[in-house]
Structure formats: structure tokens, C-alpha cells
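What follows is a set of notes on a single structure, which appears directly below.
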Amino acid sequence: MQTAPPTSAQAPSVVTDEDANKARKAIADIERTERLVTTVLVVLGFGGLIFTAVNVTLFATDHHTHPAIAWMLDPLVSLALLGVLFIDGRLAAYGYKPGGWPFVLRWFAGLATWLMNCWASLYPDEKFTGWPANPDPAGLLLHSVIPFLVILLAEAGARYRQFCTDKKAHQKAIVAANQEQKEAKRRADAEAARQREETKHAAEEAERKRAADLAAEEKRTELEVRKARELAEAKAREIQATAEAEARRAERDRQEAEVRRRTEAEAREQQARIDRETAEHKAELERQRIITEAEAEAVKLKAEADARAAAQAREDRRRTAEARRTRTVEPTAVLPTTTAELTAETAPKATAVLPGATAETTALPAAQQTAKPRKLTAVPAAAPTAETGDVRGAEAKRKQIEEANFEAAVLQLLDDTPTRKEFAAVYGRSETWGRERYAEAEQLMAEDPGFAARVVAEAEKRGQRTAPAVAELSAG
């Protein structure tokens, strides 16, 4: 594509606002003229398309083109012609000079449109002989007007647009020059205002400096006078302060001597009180030690008595069981309740035997088991014995907790559990300790398969020991 260099538009050296307004109006008129040229070209093109559509369609159908598509020939050729003419005209406004393929396309589309419209007038006898032998002049004129008008108007429109572009550039240069002059004037005014402001500021600064120098001089003089006065006053105050310091020192020495005297007296009284309280505290500690040892001895004696009673009870039960085994045929004593009530009451309770019990313990007579409440006498006592060792030691405490956990699990499995308080009292512990043993027994049953197996075996063993006694009671 070849482009021509844009035409330089020189604006006047001085442009007034009136010249700028005239230039803006000229630009608007030029743009309206450009739109008019484009409108005329488009209207003429569409009008020519409509006018030539019939001739071109008949030309196509006469030459074996199907009627369904024959009508498309004229719009396509006319659209190509209008497109190339319009594009060339628009680009011409920017200095474009069409050549080469755009030239061939434009003239081919124009000549093709002209030939298809004028074919019947050039060769009315439908015989092509090169130069027309019997042309129809009226038909040629009639069908040549529209194609040539379109082509020539497009060529003229390109020149119109080029001229309009040059004029618009000139008018725009005038407007731009006016704006530049206004901007330059604004900058000059701003610079002048800035210089005036700087001059004013410099004058004010000089005035302030002179006033500051004068004030500084006055202040310096005042400071010198004040300094001399303060020196005199300081000398007088120093003399007075020296006298007052001597008086205060004497008073302080007197007060310090009085304080030392009172402090020493209070220290002696405090030491006497501390000695007295220390003696009283030692006496109280000795008394508490004696009471504690007496209580421990009482607990030990009670535990030994309980152990001897438990051993005696086990021996009695062993002898009773031995006597019962020798009576294999003798009838049993009359029971205090009916057989049904005795079976219902003793069946669950007969299985609640603690781990310290032996085979002889479970063979007690049914009458003894129903006649009085059952006691957990087979559990190791809280006080130290020969069998369990010192329960205050860590190993003894651990062993006691393990035995209590096992016994609690067996009692729960046999469904014959005493209250937490009763269970803990057997071990000489609190109710909270009993609740902890039951909770740990449930946890071990759920988490330790070996522990659970030992508990089940012990429960089955106690159930087997109790079953003959229950059966004997039922038979009696």
C-alpha cells in the first residue's frame, strides 16, 4: 500500500479565540460534507444494485444458471464493487493511493457489472462477433449510466475526502495553536504569580529575620540581667542552705540515736517472743508425735485383733465344712424361711466370695449365710500383717490395689457387689478409693483380655463351689 505524505498545515503565528471557533465550525462542516459523500455513494450503489438486478439475473438464467441462485450474481458483484470503491475512498482521506490489485479489482467489478447489464444491447442477435455489429445505442446508454456513475463517484469521492482531510488538518492546527497559546499564557501567568509570591515571601522572611534578631538581642540582654540576679540569689541561698544543713544534720543525728535505741529494744523483745513461740511449737510437735504414735499403735493392735478374729472365723468355717462333708445322708436343719425364698435369696449371694477365701469358706451352711449379713472378711486388712507386709510401702500398696481391682471385677461379674463405702472400708480406705477400684476393674475387663479371663475363671470357680450348698438347701 502506498501512502502519500500528509500535507503540512501551518497555523498562523497568533490565533485568537474567534479564529479557533471559526476553525471548529469549519471542521464540523467538512465532516458533514464527508458524511454526505459517503451517503450519496451508498445510496447510489444500493439503487444501482436494485436497478441492475433484473438484467443481471436474466443474463444468468439465459446462460443456463439455475433461477434459485441466479439472483445472487448481481448482489455479489455489486457488493465487491461498492466495497472496493468505499474502502479506497475512505483510505484516500489518509493519503492512500490505490494501485495494483485494488485497481484490477475495482475495474474488473465495474466492467463486469457494465457488461452483464449491456450484453443484450451489445449483441441483440445473441451472436458474439468481437466488435458489436448491431448494438442497441439506447440500451447501452440506459444500462451504462448506473455503473459509470458509481465508479466515477467513488473516484471523485476519494479526491473530496483528500481535500477535506487537508482542510481539517489546517483547521485543527489553528485550534491546537489557540490551545497552545492559552496554555502558554496560563503558564506565564502562573510563573509571574509564583515570582510575585516568592518576592513577597522573601520580603516577609527578611522582615521576620530582622524581628527575630531584635528579639534575640533583647532576650540575650534579659538573660544576662537574670543570670546576674540568679547568681546573687544562689549565693544567698547557698549560705542559708549551709546553715540549714548543719541544723538538719544535728537533728538527724539525734533522731538516729533515738531510732537505734528503740530498734534495739524492739529486737530484744522480738527475739524473746520468737524463743518463747519456738519452745511452745516444739512442745506441741512432741505432743502431736506422742498422740500419733498412740493412734498408730491402737490401729496396729486393732488390725492384729481383726486378723486373729478372721483366722479364727476361717478355722471355724473350715471345721464346720469338714463336719458337713461327713454327714452325707443326715437331713439338714429346719430352715427359717421357705425353700423358694431361701433359694431366691442365697443363689446370688453365695457367689460373692473374696479372693482370700478358700474352698472351705464357700461350704458354709446355708442357714448361717441367710441368718446374718455377709462380711468381706477374706480381704487383706489395711493394717500391716505378717502375710501382706508393710502396706505403707509402694509395693504393698500396689499389690493391695491389684487385689482390690480383681475382687471388684469378680463381685461385679457375680452381680453381688457391696456399696463402694463398704467395699473400701474392708481395705481401710475411703469411699472415693472404692469408686476408683470399681472404675479400674471395669476398664481392665474391657481392655485387658488376660485380666478378664482370670476374673471369669474365678467367678465360675466360686459359682461351682456355691451351687452344691444351694442345691442342698433346696432339697432340704
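Side notes on the structure shown:
- Residue match in region 135-153 (condition: in a loop (DSSP other than H, G, I, E, B) and either within 60 Å of the chain's Cα centre (by Cα) or not aliphatic (A, V, I, L, M) (or both)): yes
- Cβ-Cβ under 8 Å pairs, at least 6 apart or on other chains, region 294-319 side touching a residue at least 24 places away in the same chain (Cβ under 8 Å), far side acidic (Asp, Glu): Arg314/Glu360; Arg317/Glu360; Arg318/Glu360
- Within region 431-476, the residues that satisfy the criterion of being hydroxyl-bearing (Ser, Thr, Tyr) and modelled with pLDDT of 90 or more are Thr432, Tyr438.
- Taking region 151-171 as the range and being closer than 12 Å to Val37 by Cα and of a type in the set (Ser, Thr, Tyr) as the test, only Tyr160 passes.
- When we screen Ala176, Ala202, Ala211 for residues that are surrounded by 10 or more Cβ atoms within 10 Å (Cβ to Cβ), touching a residue at least 12 places away in the same chain (Cβ under 8 Å) and assigned to a helix (DSSP H, G or I), the only hit is Ala176.
- Residues located in region 37-58, provided they are free of Cβ contacts under 8 Å to residues at least 60 places away in the same chain, farther than 19 Å from Leu115 by Cα and surrounded by 12 or more Cβ atoms within 10 Å (Cβ to Cβ): Val42
Here is a yes/no grid of residues against (1) closer than 26 Å to Arg35 by Cβ; (2) loosely packed, with under 15 Cβ neighbours inside 10 Å; (3) touching a residue at least 60 places away in the same chain (Cβ under 8 Å):
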| position | (1), (2), (3) |
| --- | --- |
| Ala60 | no, no, no |
| Thr65 | no, no, no |
| Ala68 | no, yes, no |
| Leu73 | no, no, no |
| Leu81 | yes, no, yes |
| Trp101 | no, yes, no |
| Leu105 | yes, no, no |
| Gly110 | yes, no, no |
| Pro132 | no, no, no |
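- Hits in region 1-34 - residues which are more than 30 Å from Lys185 (Cβ to Cβ) and at pLDDT 85 or above: Arg32, Thr33
- Flag for Ala340 being modelled with pLDDT under 85, surrounded by fewer than 10 Cβ atoms within 10 Å (Cβ to Cβ) and within 30 Å of Thr417 (Cα to Cα): yes
- Criterion: surrounded by 15 or more Cβ atoms within 10 Å (Cβ to Cβ) and touching a strand residue (DSSP E or B) at 6+ places or on another chain (Cβ under 9 Å) - qualifying residue of Asp88, Asp166: Asp88
The values are calculated or read from the model by the stated rules, or taken from the named source; none is laboratory data. What you see is a predicted model; the values in this text were computed from it and never measured. For neighbour counting, all protein chains shown are included, and Cβ atoms are generated from backbone atoms with ideal geometry for every residue, glycine included.
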